[in-house]
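Structure provided below as structure tokens; questions to follow.
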Amino acid sequence: MTASKKGFMPGCSLPSYTPEGVQKTMEYLKEIYPDLGGVQKCCGKGTKALGQEEKFKERFDGLQQDMDDIGIDTMIVACQNCYKTINETSETTKAESLWTLLPKIGLPEEVRGKAKDSDVIFAVHDSCSTRYEREMQDGIRWILRELGYRVEESENSFENARCCGFGGMIVPANPDLANRVMQRRADDFESDYVVVYCAACRASLSKVGKKAFHILDLLWGPVVHRDDDAPEDVLSKPAQAWINRYKSKRVVKKVVKA
Amino acid sequence: MEFRQSVYDNAKQITDGCMGYEEAFCTAACPMHTDVKKYIRQIGEGNVEGAMETIREKLFLPNTLGRICAHPCEAACRRESEFGQPLSVAALKRYAAEKADEKTSWDTTTGEDTGKSVAVIGAGPAGAQAAIDLRKAGHRAVIYDKLNVVGGMMRVGIPEYRLPREVIDFEYSYLEDLGVEFKMGVEIGKDITFTDLRAQHDAVIVANGAHKGGVPPVKGKEAQGVTNACDFLKEVSLTRQSETAGKRIAVVGGGDVAMDCARSAWRIGAEEVSLLTLESFDELPASKEEIHESMEEDVRFLNSWGTDEIIADETGRVQTIRLKKVLSVFDENGKFAPQFGEETMEIEADTVIFATGQQVEDVTGGLIEQKGGGRYVTNPETLATSEDDVFVAGDASGGYIVVEAMALGKKAAKSADRFLNQQELEEGRNFKYEYSFVTNLDVPLPKGTENLPRQSGNHRAAEERKHDFRPYDLGYTDEQAKQEASRCLQCECKLCMEECLMMNDYGECPQDIFGQFLQDGEIEPIVPYSCNVCGGCTHVCPNDYPIGETFMAMRKDFILHNDGKSPMEGHKAIEMHQKLGFSKVFTTKVKGGK
Ligand SMILES: Cc1cc2nc3c(=O)[nH]c(=O)nc-3n(C[C@H](O)[C@H](O)[C@H](O)COP(=O)(O)OP(=O)(O)OC[C@H]3O[C@@H](n4cnc5c(N)ncnc54)[C@H](O)[C@@H]3O)c2cc1C
Ligand code: SF4
Ligand code: SF4
Ligand code: SF4
């Protein structure tokens, strides 16, 4: 039997947001899959969203080449756009969501139940791009439960998810509208504390005042209690974001080579 | 700019099929297309004046219809099909009219004088509506009626306890305000010939209703005390009594007209009222309300009995009716074909009123051909006849209820107006909207919809009301009206518009946006570039329309026509961003394992 050859790809918004999150995730995956490979690149979703078909094709071909070069057949991803883009575009490589993988491989012993005394109730912002991926959505709830957090659902959970406002590259095209979409999404949640599983969604909800945490913040970071602040909105600071992206690239190299 | 074919195909599919502007069930079913949904909402908001304005846009008889409309809207109401408890649309209309119908706010503008004159035969709802529309178009309208009172069957058929006569007179005063002329007490065919009438006017609208009541060929029907619903109700309407009727009255028939006869019978002093129907109780064609109210008033229902023979006493007066048992009323094709058994029964009565249908009498001296029920042969879309200048409306052309008569009056007036202006009768008319239709609206029930009970009206106690002609239903209180209005589901689609903020910036529903696109052949780039491609629209759309997908495809064409670049200024930064994301500095690939 030929075991599938797995790699991890942080994508673009996640590595720009949290090199630490990328590192811890990869280290844990590496424990389970010692042969884990790694690619740091954008999946091209942004190019595709603008409508640049040709350029997207060219860019995705590059990504495909990278994946092929390091002999990956299954790419573990922590971004819903990467998940969809790869699965919709690649004929040979399959994207596997970290959120469905973790329930299968389990969480590290040291994080399980760590938040059972937290007094925060998290609302969950599901990504609109994967509104029909129930297994992924359930995976997020599973992780939260494993950690010990309590969760509140809204009418716009799961397949009724609404856009965070970032989708379709409308922020630069129609910023006023984007703001209204963000606010509307924020208003879907009763709780101030919202957990997301896309770094771009996190940035959107932060912008309109929600205490938005990435699920990896909760997985690897400190336990969140009422009145704790959410991490700052790094993605709104381009310099910081690019430095992070660069750091993440080094992380990918370092962890794979370790 | 050319877009790919799929963009046009999708845009067409959405524009053609989108239910965003599809009428609510009630409004589509109303032959006059009163904006029911809107005025109910306004009543719910406490804006009764606004509601009244909405109603008056379509109806000159709001209070009348509020009391007696056979309300096809209620039969079509979503709350009827879901829960069997339709909105009380008519009663809400009456509430608005009683509360807020001010003569001073009636729109009495008329069209510029055309010098043409139209004769309208009949002052019933069909003739009245036709006359109104003719005045609005600038023609002279002269109504001729053989009676001395206006309203037609509403006046001499529908009993007073359901429709007070001053309500009719008040609402008909609108016609005088518009300058409609009335020649009352003039019978066409007797006082003036149809030929003379035609000669005096440029066109004629025949709206003489169905006023000939008949008595079926039952043995003994010549006895004294045998009459028909039309004659009986007319006499009662005009005099509050009946020369023919005695004290033990039997009404033959199971429809609403029969109920009117039975309930009127009490009011002229009957001591016993029976209702003989061929149909079984469950098959009765009368409305549920009328059946219920008749039973409250102690009308004795004898269902599944046919009249075999009327037996007179020595003076020639009805004494006994022999009935025979009905086995079935309809054959397997649903056609009326009663089958009788052997069983018989006799009941005592001194009066028999046959409420078994009304016929249209000819007023044209045989000029216009008639068919079943005396109805005139017309083109059903235009109501034109074999004679260019003659049109038919109302019951005489095929309607059965007041609001249908009005819609048919409107239709005939429209055709007459075209004829007078030497225009084609059919061209460019949307005939579907000239009458009841079934809406294409097909949407899930709004979230959280509950089966809330219909507010019943305030009916006077049966024992009291059955002895006088005063209104038996006192109408809604403010509280009840609000409560009832709050049950309305405000049926519409536009589900995508609840989901999508961006489309609301560019139209009321996707039909606007894509229809405009198809019409102009272009679209501002900001529209497709404002789409989040979130799929929310398609997710909620009952037709799964690919809205976001179509915006996305448009973007691709914008790029193709713009040297591979986005037409949006703001996207320059994104393009840079993307480029960096693929640059060597920020990318890597590392093979795992040995
Ligand atoms: C007993 C009864 C109860 C009804 N109840 C309801 C109800 O509750 N709700 C509802 O919606 N519908 C009801 N209907 C039906 C409704 O009344 C008719 O559909 C409607 O009135 C038809 O309108 P119309 O204008 O076509 O004719 P009509 O209302 O019948 O008016 C015709 C007019 O033409 C006049 N006329 C006739 N011949 C001549 C002539 N030769 N010369 C001059 N004038 C003439 C008549 O006097 C009459 O005024 C009822 C009908 C009956 C018989
Ligand atoms: S629920 Fe309201 S809008 Fe819907 S059909 Fe009934 S009356 Fe009309
Ligand atoms: S995909 Fe576009 S059009 Fe559809 S709901 Fe989302 S933003 Fe609106
Ligand atoms: S959901 Fe929107 S696009 Fe779909 S039918 Fe309704 S109004 Fe039209």
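The values are calculated or read from the model by the stated rules, or taken from the named source; none is laboratory data. Model, not experiment: these values are computed from the prediction. Glycine also receives a Cβ, built like all others from the backbone with ideal geometry; neighbour counts cover every protein chain displayed.
Tell me which residues, restricted to the range A:180-217, are farther than 17 Å from A:CYS163 by Cα and buried (at least 24 other Cβ atoms within 10 Å of the Cβ).
A:ILE215 - this is the single residue of the range A:180-217 that is farther than 17 Å from A:CYS163 by Cα and buried (at least 24 other Cβ atoms within 10 Å of the Cβ).
Let me ask you something else. In the range A:202-237, how many residues are within 14 Å of chain B (Cβ to nearest Cβ) and closer than 24 Å to A:PHE8 by Cα?
2
Further question: Give me the helices (runs of 4 or more DSSP H) completely within the range B:1-120, filtered to those with at least 3 residues that are under 18 Å from B:GLU404 (Cα atoms) and within 16 Å of ligand 1 (Cβ to nearest atom), ordered by residue number.
Because the criterion is at least 3 residues that are under 18 Å from B:GLU404 (Cα atoms) and within 16 Å of ligand 1 (Cβ to nearest atom), the helices (runs of 4 or more DSSP H) in the range B:1-120 that meet it are B:62-68, B:72-76, B:89-100.
Let me ask something else about it. When only residues in the range A:166-179 that are more than 7 Å from every other protein chain (Cβ to nearest Cβ) and buried (at least 19 other Cβ atoms within 10 Å of the Cβ) count, which is nearest to B:LEU495 (Cα to Cα)?
Among those residues, the one meeting the criterion is A:ALA178.
Name every residue in the range B:476-496 that is surrounded by fewer than 19 Cβ atoms within 10 Å (Cβ to Cβ) and away from ligand 4 (no atom under 16 Å from the Cβ), in order of residue number.
B:THR477, B:ASP478, B:GLU479, B:GLN480, B:LYS482, B:GLN483, B:SER486
Taking only pairs six or more apart or across chains, which ones have beta-carbon atoms under 6 Å, a first residue in the range A:31-47 that is under 22 Å from A:THR89 (Cα atoms), and a second residue that is aromatic (Phe, Trp, Tyr) and assigned to a strand (DSSP E or B)?
Short answer, once both residue conditions are applied: A:GLY38/A:PHE8.
Here's a follow-up. For the range B:202-221, which positions are in a loop (DSSP other than H, G, I, E, B) and either within 22 Å of B:ALA270 (Cα to Cα) or in contact (Cβ under 8 Å) with a residue 60 or more places away in the chain (or both)? Step through it out loud before you land on a result.
Start the filter on the range B:202-221 by keeping residues that are in a loop (DSSP other than H, G, I, E, B), which leaves B:202, B:207-211, B:214-218, B:220-221.
Hits for the range B:202-221 are B:ASP202, B:ALA207, B:ASN208, B:GLY209, B:ALA210, B:HIS211, B:GLY214, B:VAL215, B:PRO216, B:VAL218, B:GLY220, B:LYS221.
Condition first: surrounded by fewer than 24 Cβ atoms within 10 Å (Cβ to Cβ) and either in a helix (DSSP H, G or I) or at the interface with chain B (Cβ under 9 Å from one of its Cβ atoms) (or both). Now tell me which residues in the range A:1-20 satisfy that.
A:LYS5, A:LYS6, A:PRO19, A:GLU20
Just to check your reading of the model, which residue among B:ALA119, B:ALA96 is at pLDDT 95 or above, buried (at least 19 other Cβ atoms within 10 Å of the Cβ), touching a Lys or Arg at 6+ places or on another chain (Cβ under 9 Å) and at negative phi?
B:ALA119
Regarding the range B:405-419, can at least one residue be identified that is modelled with pLDDT of 95 or more, in a loop (DSSP other than H, G, I, E, B) and not acidic (Asp, Glu)?
Residues of the range B:405-419 modelled with pLDDT of 95 or more: B:405-419.
The next check asks that each one be in a loop (DSSP other than H, G, I, E, B); those that pass are none.
No, every residue in the range B:405-419 fails to be modelled with pLDDT of 95 or more, in a loop (DSSP other than H, G, I, E, B) and not acidic (Asp, Glu).
List pairs: first residue in the range A:109-128 and farther than 15 Å from A:TYR193 by Cβ, second residue among the hydrophobic types (A, V, I, L, M, F, W, C) and within 16 Å of ligand 4 (Cβ to nearest atom) anywhere in the structure, Cβ distance under 8 angstrom, at least six positions apart or on different chains.
Filtered contacts from the range A:109-128: A:CYS128/B:CYS534.
Something else now. What's the total number of residues in the range B:233-278 that are of a type in the set (A, V, I, L, M), closer than 13 Å to B:VAL299 by Cα and outside any strand (DSSP E or B)? Spell out the reasoning first.
The initial filter retains those residues of the range B:233-278 that are of a type in the set (A, V, I, L, M), namely B:233, B:236, B:238, B:245, B:249-252, B:257-259, B:262, B:265, B:268, B:270, B:273, B:275-276, B:278.
Right, trim to closer than 13 Å to B:VAL299 by Cα and you get B:249-252, B:258-259, B:262, B:265, B:270, B:273, B:275-276.
Still in the running and outside any strand (DSSP E or B): B:258-259, B:262, B:265, B:270.
Total meeting the criteria: 5.
Follow-up. Please specify each residue of the range B:548-594 satisfying the condition of being under 21 Å from B:GLU2 (Cβ atoms) and either touching a His at 6+ places or on another chain (Cβ under 6 Å) or part of a helix (DSSP H, G or I) (or both).
If the condition is that a residue be under 21 Å from B:GLU2 (Cβ atoms) and either touching a His at 6+ places or on another chain (Cβ under 6 Å) or part of a helix (DSSP H, G or I) (or both), then B:GLU549, B:THR550, B:PHE551, B:MET552, B:ALA553, B:MET554, B:ARG555, B:LYS556, B:ASP557, B:PHE558, B:ILE559, B:LEU560 are the ones that fit.
Among the residues of the range B:498-517, count how many are assigned to a loop (DSSP other than H, G, I, E, B) and more than 25 Å from A:VAL171 (Cβ to Cβ).
Going through the range B:498-517 one residue at a time, the tally reaches 2.
Of all residues in the range B:276-298, count the ones that are more than 28 Å from the chain's Cα centre (by Cα) and closer than 16 Å to B:PHE354 by Cβ.
So the count comes out to 2.
Cβ-Cβ below 6 Å, separation at least six or inter-chain, first residue in the range B:179-194 and β-branched (Val, Ile, Thr), second in a loop (DSSP other than H, G, I, E, B) and surrounded by 14 or more Cβ atoms within 10 Å (Cβ to Cβ): which pairs?
B:ILE188/B:VAL363
With (1) buried (at least 18 other Cβ atoms within 10 Å of the Cβ); (2) within 14 Å of another protein chain (Cβ to nearest Cβ) as the list, and B:PHE469 as the residue in question, which single condition is left unmet?
(2)
Continuing with the same structure: Among the residues of the range A:78-85, is there at least one that is outside the structural domain of A:GLU146 (by TED's automatic domain parsing), of a type outside the set (D, E, K, R) and over 15 Å from the mean Cα position of the chain (by Cα)? Working first, answer last.
Of all residues in the range A:78-85, those outside the structural domain of A:GLU146 (by TED's automatic domain parsing) come to A:78-85.
If we keep only those that are of a type outside the set (D, E, K, R) too, we end up with A:78-83, A:85.
Filter again for over 15 Å from the mean Cα position of the chain (by Cα), leaving none.
So far as the range A:78-85 goes, no, none of its residues is outside the structural domain of A:GLU146 (by TED's automatic domain parsing), of a type outside the set (D, E, K, R) and over 15 Å from the mean Cα position of the chain (by Cα).
Which residue out of B:PHE170, B:PHE182 is part of a strand (DSSP E or B) and aromatic (Phe, Trp, Tyr)?
B:PHE182
Yes/no matrix, rows are residues, columns are (1) among the aromatic types (Phe, Trp, Tyr); (2) within 16 Å of ligand 3 (Cβ to nearest atom); (3) more than 7 Å from chain A (Cβ to nearest Cβ); (4) crowded, with 19+ Cβ neighbours inside 10 Å:
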{"position": "B:CYS534", "(1), (2), (3), (4)": "no, yes, no, yes"}
{"position": "B:PHE558", "(1), (2), (3), (4)": "yes, yes, no, yes"}
{"position": "B:GLY581", "(1), (2), (3), (4)": "no, no, no, yes"}
{"position": "B:GLY592", "(1), (2), (3), (4)": "no, no, no, yes"}
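Let me ask something else about it. Of B:ILE523, B:ILE574, which residue is aliphatic (A, V, I, L, M), in contact (Cβ under 8 Å) with a residue 12 or more places away in the chain and either over 30 Å from A:GLU27 (Cα atoms) or facing chain A (nearest Cβ under 7 Å) (or both)?
After applying the criteria, what remains is B:ILE523.
Do we find that B:ARG4 is charged (D, E, K, R), in contact (Cβ under 8 Å) with a residue 12 or more places away in the chain, away from ligand 4 (no atom under 16 Å from the Cβ) and surrounded by fewer than 22 Cβ atoms within 10 Å (Cβ to Cβ) in this structure?
It is true that B:ARG4 is charged (D, E, K, R), in contact (Cβ under 8 Å) with a residue 12 or more places away in the chain, away from ligand 4 (no atom under 16 Å from the Cβ) and surrounded by fewer than 22 Cβ atoms within 10 Å (Cβ to Cβ).
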